[in-house]
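Here is the structure we will look at.
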Amino acid sequence: MKARRFDQEELEGLLARYEEREPPPWLLTRIMAEVEERQPSPIERLRRWWFRPQAVSFSPARLVLSVTVTLCVFWLGILVGRLQAPETGAERPLLADNGEANYLIGRGLLAAGRVEQALPYLRQAVRQEPASPEFVHWQGVAYWRLGEAEEERASYLSLGQDEPNYLPSLLNLGHNYLESGQYQQALAHYDKVLQADPTQPNALYNRALVYQMLDEPAPAEQAYLAFLEHHRTGKWASRALGHLHRLGNFSFRSYRVGAARLILNVETLLAPDSAGRRRELQYLVEGLSRAPGSELHLVAYHRGDRQAARAAVSDLQEQLTNILGKEQGIRVRGSWFDEAESFTDANGLDRQHTTGLLIFTRSEQDGQRRNSI
């Protein structure tokens, strides 16, 4: 079987994206075939191959082989973790003479769920290259997986002099402080992360949780709003919406559009035309694109002012039609009422608002069938 070719960028992508990944069958077959040919253990044999003296020369074939073997080191960590019996887990690990190799083997063992076996390799990688933020970070992750919070924190903090703004470790430090009840420290680290990446979802969401733990509802509300300004899908968006509703803020609502639910800022939609309003309408249009054959219904409420409700719907209809274009073929229908909107919030409680907006879709065939009755 010919060896598959991997470039360095693909290898780094694998390590960055996957903590746990099933090794491809062809790779395990090759590794086991090599192991059976000689007596030394798989790690020792690979270590000898990796670190043998070589002449400095460029060869595309050798480069491909080198990168492939680097990937093998990572998967070998998984293989060792799976094949090693529990009673042999206490044996002294066969550490490599190079930090990169130890790091890759440690990552492989982590992916195989052998955290205790992974830690010596990751520790050794840090000893050999203490200035490598990635090595130190994953040593901290191993400590976290083992429930050793103090060691985890010390690992991340050791980056302070060389890499004080390494975002993965700053973020994990925030998590570490949050889990240990040190809320002000957690806030400080989440704020550092958001200074570098203002839309980082974990920092935005957990920052709101910290304020809730501190019993500070006003900043918690603002933090959840900031999260939903950037993130509208997934379980954390649904939870943020629920937290906002429990805090009495209903500026964001969840609407059924086709088979999916969209979280939209209803206050922005009902406000005068603005960049924020056009962005909300764009979210709605993107949802409609996943619901072909539907017609959109907009229902506005304004207690005691039917004309205001009608004007709100007409304005939204006009803007949506312009965004959709005639080629989309989606009908935008409107209704308006001079009464308060009644709705059920994300917590299952019945509410009434003086002004409101209901958004839903239904099949055009259903609409035609009803109109024909």
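The values are calculated or read from the model by the stated rules, or taken from the named source; none is laboratory data. Predicted model only: the values in this text are computed from it and were never measured. Glycine gets a Cβ as well: all are built from the backbone with ideal geometry, and neighbour counts include every protein chain shown. Ligands, DNA and RNA are excluded from the accessible area calculation, which covers all protein heavy atoms including side chains. Shrake-Rupley method; radii C 1.70, N 1.55, O 1.52, S 1.80 Å.
Taking each residue of segment 162-173 that is free of Cβ contacts under 8 Å to residues at least 40 places away in the same chain and under 13 Å from residue 206 (Cα atoms) and looking for partners that are small (Gly, Ala, Ser) and surrounded by 22 or more Cβ atoms within 10 Å (Cβ to Cβ) with beta-carbon atoms closer than 8 Å, six or more apart or interchain, yields 171/203; 172/140.
Among 260, 275, 271, which is surrounded by fewer than 17 Cβ atoms within 10 Å (Cβ to Cβ), of a type in the set (A, V, I, L, M, F, W, C), within 30 Å of residue 207 (Cβ to Cβ) and out of contact with any helix residue (DSSP H, G or I) (no Cβ under 9 Å at 6 or more places or on another chain)? Talk me through it step by step, then tell me what you get.
Numbers: 260 fails: out of contact with any helix residue (DSSP H, G or I) (no Cβ under 9 Å at 6 or more places or on another chain); 271 fails: out of contact with any helix residue (DSSP H, G or I) (no Cβ under 9 Å at 6 or more places or on another chain).
Testing whether each residue is surrounded by fewer than 17 Cβ atoms within 10 Å (Cβ to Cβ), of a type in the set (A, V, I, L, M, F, W, C), within 30 Å of residue 207 (Cβ to Cβ) and out of contact with any helix residue (DSSP H, G or I) (no Cβ under 9 Å at 6 or more places or on another chain) leaves just 275.
Scanning segment 90-111 for residues that are small (Gly, Ala, Ser) and either without any contact (Cβ under 8 Å) to a residue 40 or more places away in the chain or assigned to a helix (DSSP H, G or I) (or both) gives 90, 99, 101, 106, 108, 111. Taking the residues in segment 321-343 that are among the aromatic types (Phe, Trp, Tyr) and touching a helix residue (DSSP H, G or I) at 6+ places or on another chain (Cβ under 9 Å) as candidates, determine which candidate is surrounded by the most Cβ atoms within 10 Å (Cβ to Cβ). Among those residues, the one meeting the criterion is 336.
So, in segment 116-171, how many residues would count as being of a type in the set (Asp, Glu) and either surrounded by 23 or more Cβ atoms within 10 Å (Cβ to Cβ) or touching a Leu at 6+ places or on another chain (Cβ under 6 Å) (or both)? Steps first, please.
Within segment 116-171, the first condition is being of a type in the set (Asp, Glu), and the residues that meet it are 116, 129, 134, 148, 150-152, 162-163.
If we keep only those that are either surrounded by 23 or more Cβ atoms within 10 Å (Cβ to Cβ) or touching a Leu at 6+ places or on another chain (Cβ under 6 Å) (or both) as well, we get 152.
Adding up the residues that qualify gives 1.
Regarding segment 193-208, can at least one residue be identified that is in contact (Cβ under 8 Å) with a residue 24 or more places away in the chain, part of a helix (DSSP H, G or I) and farther than 29 Å from residue 268 by Cβ? Taking every residue of segment 193-208 in turn, none turns out to be in contact (Cβ under 8 Å) with a residue 24 or more places away in the chain, part of a helix (DSSP H, G or I) and farther than 29 Å from residue 268 by Cβ. Within segment 238-253, identify whether any single residue is among the aromatic types (Phe, Trp, Tyr), part of a strand (DSSP E or B), open to solvent by less than 30 Å² (accessible area, probe 1.4 Å) and modelled with pLDDT under 95, and answer yes or no. The answer is no, given that none of the residues of segment 238-253 is among the aromatic types (Phe, Trp, Tyr), part of a strand (DSSP E or B), open to solvent by less than 30 Å² (accessible area, probe 1.4 Å) and modelled with pLDDT under 95. The sole residue among 234, 276, 242 that is within 24 Å of residue 354 (Cα to Cα) and free of Cβ contacts under 8 Å to residues at least 12 places away in the same chain is 276.
Does residue 227 fit the bill of being buried (at least 21 other Cβ atoms within 10 Å of the Cβ) and under 18 Å from the mean Cα position of the chain (by Cα)? Steps first, please.
Details: buried (at least 21 other Cβ atoms within 10 Å of the Cβ): yes; under 18 Å from the mean Cα position of the chain (by Cα): yes.
Judged against the criteria, residue 227 is a match.
Are any of the residues in segment 311-320 within 15 Å of residue 353 (Cβ to Cβ), of a type outside the set (D, E, K, R) and exposed (fewer than 15 other Cβ atoms within 10 Å of the Cβ)?
So in segment 311-320, the residues within 15 Å of residue 353 (Cβ to Cβ) come out as 312.
Adding the requirement that they be of a type outside the set (D, E, K, R) leaves 312.
Among the residues that remain, those that are also exposed (fewer than 15 other Cβ atoms within 10 Å of the Cβ) are: none.
No, segment 311-320 contains no residue that is within 15 Å of residue 353 (Cβ to Cβ), of a type outside the set (D, E, K, R) and exposed (fewer than 15 other Cβ atoms within 10 Å of the Cβ).
Kindly provide the set of residues from segment 254-270 that are without any contact (Cβ under 8 Å) to a residue 60 or more places away in the chain, under 29 Å from residue 310 (Cβ atoms) and not in a strand (DSSP E or B), ordered by number. Those that are without any contact (Cβ under 8 Å) to a residue 60 or more places away in the chain, under 29 Å from residue 310 (Cβ atoms) and not in a strand (DSSP E or B): 267, 268. Look at (1) under 30 Å from residue 293 (Cβ atoms); (2) over 18 Å from the mean Cα position of the chain (by Cα); (3) among the small types (Gly, Ala, Ser) and you find that residue 238 fails only one, number (2). I'm trying to understand the selection: among the residues of segment 172-190, which are within 18 Å of residue 147 (Cβ to Cβ) and open to solvent by 30 Å² or more (accessible area, probe 1.4 Å)? Within segment 172-190, 172, 175, 178, 179, 180, 181, 182 meet the criteria.
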